[in-house]
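J.: Submitted below is the structure of interest, expressed as structure tokens.
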Amino acid sequence: MADLKMNLAGIKSPNPFWLASAPPTNSGYQVQRAFEAGWGGAVWKTLGDPILNVSSRFAAVHFNSQRVAGFNNIELITDRPLEENLKEIYETKKLYPDHAIVVSIMVEPKQEKWHEIVKRVEDIGVDGLELNFGCPHGMAERGMGSASGQVPELLEKQTYWVKEVAQTPVIVKLTPNITDIKAIAEAAAQGGADAISLINTINSLIGVDLDTWNTIPHVGGKGAHGGYCGPAVKPIALNMVAECARDERVGIPISGIGGISNWKDATEFMLMGATGVQVCTAVMHHGFSIVEDMIDGLSNYLDRKGITSVTDIIGKSVPNYSDWGNLDLNYKVVARINKDVCINCNKCYIACEDTSHQCIEMLESSGGDKYLEVREEDCVGCNLCSIVCPEEGAISMVELENEHKSMTWNERQAVIGTLGK
Ligand SMILES: Cc1cc2nc3c(=O)[nH]c(=O)nc-3n(C[C@H](O)[C@H](O)[C@H](O)COP(=O)(O)O)c2cc1C
Ligand code: SF4
Ligand code: SF4
């Protein structure tokens, strides 16, 4: 069986699966049960100055038959006293010395405030700190969370203040509510962060009740934007992780978060540069026990591939991710329909006819059977027909022999630039 142990900037855990800082890590009782279930680490629910939470705070998007395709919350950081949290963190660490306990912290953007919280948390013995610069609501209105996390200079300065006193590794958690994630990740690295984690939640409003005209959720008739997470945000999170991983100016380990629900999601994040992953929504939906399948799935995958340590997959897909200008303009795929599998629903025909390149022909055999065939010379290989096709294996995207040499847009522009010189 492959070795699943991981080491994120010096923070070690028996496997790469951590709980993200959120309701599942709100107390010692929960984190201890999570470790028993198999989680390798936990980032404790964010500690800071006492706050008040509102009632009615979660909502979800159920998409067709999938419940909780997206999840939204207007919850703030912990509403439990600091002393109580610190006592439970201490007890949990004593009981589970080999598991990773990272404590998420968030305070006002003042040097003395950061120094004080870092010392208090580290005094009880933790494996690392995570700075929450991502919370998009409530705390942001007070200058904390994403209000700091959206301004590179503020994030860099506060990371630096933490590093002035921190004895354990410091992970900076990033907000996705920003135009260029790399700018903020670079600021974290510049401030001395040992690692970054991303993403926190995305600004969102789940919906509006058509009868009452209230927002969903609402608090006594008033709503406020919340933070979106769960399966719906995975592609956004994966891209942001990949962008940071291939940015040499970031250059520090990454803890991947956002829509991870199973071992496949986790493996994708690791292939795209994450050293380990954190999970929140999937655990809120299904409970701690999902980690069993995550561990089994990842182990089996590594064994199938003949890989002996999970660390060997970190970043393996990063070289395959680039800018559009580096893609080969001469690479060509076309759609091919397998008549034996096709159920003649015509979804592909309509998609191509109405919204792509009108290159699927409706034909009739000599026996009078109707069938569809792609006119390959006109097919641009957009994939749309294969995406809308409900029948597995009915459409394959097939690579055509390339008669031209590979030529990217950037190479083409360079050649054009030399013409006439
Ligand atoms: C109800 C709720 C509360 C959260 N509270 C915190 C928090 O206190 N600190 C923090 O850093 N992130 C918090 N998060 C964000 C999660 O840690 C995580 O970054 C986000 O949910 C994306 O992961 P997911 O798609 O697996 O849920 C919270 C998320 C939810 C749903
Ligand atoms: S790949 Fe695109 S262009 Fe080609 S047949 Fe399918 S929908 Fe049409
Ligand atoms: S969408 Fe798929 S199953 Fe439906 S007609 Fe096209 S190939 Fe056949």
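J.: So, in the range 108-135, how many residues would count as being part of a loop (DSSP other than H, G, I, E, B), open to solvent by 10 Å² or more (accessible area, probe 1.4 Å) and not hydrophobic (A, V, I, L, M, F, W, C)?
T.: Looking only at that region, the number is 5.
J.: Would you pick out the residues in the range 410-421 that are outside any loop (DSSP other than H, G, I, E, B) and either surrounded by fewer than 10 Cβ atoms within 10 Å (Cβ to Cβ) or aliphatic (A, V, I, L, M) (or both)? Quick ask: steps written out before the conclusion?
T.: Of the residues in the range 410-421, the ones outside any loop (DSSP other than H, G, I, E, B) are 410-418.
Result: A414, V415, I416, G417, T418.
J.: Moving on. For the range 370-421, give me each residue that is within 16 Å of ligand 3 (Cβ to nearest atom), under 26 Å from D323 (Cβ atoms) and free of Cβ contacts under 8 Å to residues at least 40 places away in the same chain.
T.: Filtering the range 370-421 for residues within 16 Å of ligand 3 (Cβ to nearest atom) gives 370-376, 379, 381-398.
Narrowing the set further to residues that are under 26 Å from D323 (Cβ atoms) leaves 379, 381-384, 386-387, 397.
Passing the criteria: C382, L384, I387.
J.: Please find, among C244, C229, the residue that is crowded, with 21+ Cβ neighbours inside 10 Å and either touching a Lys or Arg at 6+ places or on another chain (Cβ under 9 Å) or within 22 Å of W324 (Cβ to Cβ) (or both).
T.: C244
J.: Does K113 count as over 25 Å from E292 (Cα atoms) and more than 14 Å from ligand 1 (Cβ to nearest atom)? If you could, list the steps in order and put the result at the bottom.
T.: Numbers: over 25 Å from E292 (Cα atoms): yes; more than 14 Å from ligand 1 (Cβ to nearest atom): yes.
The answer is yes for K113.
J.: Further, regarding this structure: Just to check your reading of the model, which residue among V43, V61, V31 is among the β-branched types (V, I, T) and over 27 Å from V107 (Cα atoms)? Full working, then the answer.
T.: Values: V43 fails: over 27 Å from V107 (Cα atoms); V31 fails: over 27 Å from V107 (Cα atoms).
On inspection, the qualifying residue turns out to be V61.
J.: Which members of the range 171-213 meet the condition of being hydroxyl-bearing (S, T, Y) and open to solvent by 10 Å² or more (accessible area, probe 1.4 Å)? Show your work before the answer.
T.: Narrowing the range 171-213 to residues hydroxyl-bearing (S, T, Y): 175, 179, 197, 201, 204, 212.
Correct list: T179, T201, S204, T212.
J.: Now, a different point. Would you mention how many residues in the range 136-165 are outside any helix (DSSP H, G or I), in contact with a Leu (Cβ under 6 Å, 6 or more places away or on another chain) and either modelled with pLDDT of 95 or more or under 17 Å from L198 (Cβ atoms) (or both)?
T.: Qualifying residue count, the range 136-165: 0.
J.: Among the residues of the range 323-381, count how many are hydrophobic (A, V, I, L, M, F, W, C), in a helix (DSSP H, G or I) and loosely packed, with under 11 Cβ neighbours inside 10 Å.
T.: Filtering the range 323-381 for residues hydrophobic (A, V, I, L, M, F, W, C) gives 324, 327, 329, 333-335, 337, 341-343, 345, 348, 350-352, 359-360, 362-363, 372, 374, 379-380.
Next, from what is left, pick out any that are in a helix (DSSP H, G or I): 324, 348, 350-352.
Now narrow it down to the ones that are loosely packed, with under 11 Cβ neighbours inside 10 Å: 324.
Matching residues across the range 323-381 total 1.
J.: Continuing with the same structure: Of the residues E83, E88, which is touching a Gly at 6+ places or on another chain (Cβ under 7 Å), open to solvent by 20 Å² or more (accessible area, probe 1.4 Å) and assigned to a helix (DSSP H, G or I)? Spell out how you get there, then give the answer.
T.: On the way: E83 fails: touching a Gly at 6+ places or on another chain (Cβ under 7 Å).
When all the criteria are applied, what remains is E88.
J.: Now a separate question. I'd like the full set of residues that are surrounded by 14 or more Cβ atoms within 10 Å (Cβ to Cβ) and not hydrophobic (A, V, I, L, M, F, W, C), limited to the range 382-393. Break it down stepwise before answering.
T.: Taking the range 382-393 first, the residues surrounded by 14 or more Cβ atoms within 10 Å (Cβ to Cβ) are 382, 384-386, 388-389, 391.
Passing the criteria: S386, E391.
J.: Which one of these is more than 28 Å from H286 (Cβ to Cβ) and more than 16 Å from ligand 2 (Cβ to nearest atom): K182, K173?
T.: On the way: K173 fails: more than 28 Å from H286 (Cβ to Cβ).
Selected residue: K182, the only one of K182, K173 that is more than 28 Å from H286 (Cβ to Cβ) and more than 16 Å from ligand 2 (Cβ to nearest atom).
J.: Scan the range 1-48 for residues that are in a strand (DSSP E or B), surrounded by fewer than 19 Cβ atoms within 10 Å (Cβ to Cβ) and under 20 Å from the mean Cα position of the chain (by Cα) and report the count.
T.: Quick first cut of the range 1-48, residues in a strand (DSSP E or B) only: 3, 6-8, 11-13, 17-19, 41-47.
Narrowing further to those that are surrounded by fewer than 19 Cβ atoms within 10 Å (Cβ to Cβ): 3, 7, 12.
So of that shortlist, the ones also under 20 Å from the mean Cα position of the chain (by Cα) come out as 7.
So the count comes out to 1.
J.: If we scan the range 394-409, do we find a residue that is open to solvent by 70 Å² or more (accessible area, probe 1.4 Å), in contact with a helix residue (DSSP H, G or I) (Cβ under 9 Å, 6 or more places away or on another chain) and of a type outside the set (K, R)? Give the derivation first.
T.: Just the residues of the range 394-409 that are open to solvent by 70 Å² or more (accessible area, probe 1.4 Å), to begin with: 399, 401, 403-405, 409.
Next, from what is left, pick out any that are in contact with a helix residue (DSSP H, G or I) (Cβ under 9 Å, 6 or more places away or on another chain): 409.
Still in the list and also of a type outside the set (K, R): 409.
Yes, there is a match, as at least one residue in the range 394-409 is open to solvent by 70 Å² or more (accessible area, probe 1.4 Å), in contact with a helix residue (DSSP H, G or I) (Cβ under 9 Å, 6 or more places away or on another chain) and of a type outside the set (K, R).
The values are calculated or read from the model by the stated rules, or taken from the named source; none is laboratory data. Since this is a predicted model, take the numbers as computed values, not measurements. Counting neighbours? That spans all protein chains shown, and the Cβs are built from the backbone with ideal geometry, glycine included. Please note that ligands, DNA and RNA were not included when accessible areas were found on the heavy atoms of the full protein model with its side chains. Shrake-Rupley method; radii C 1.70, N 1.55, O 1.52, S 1.80 Å.
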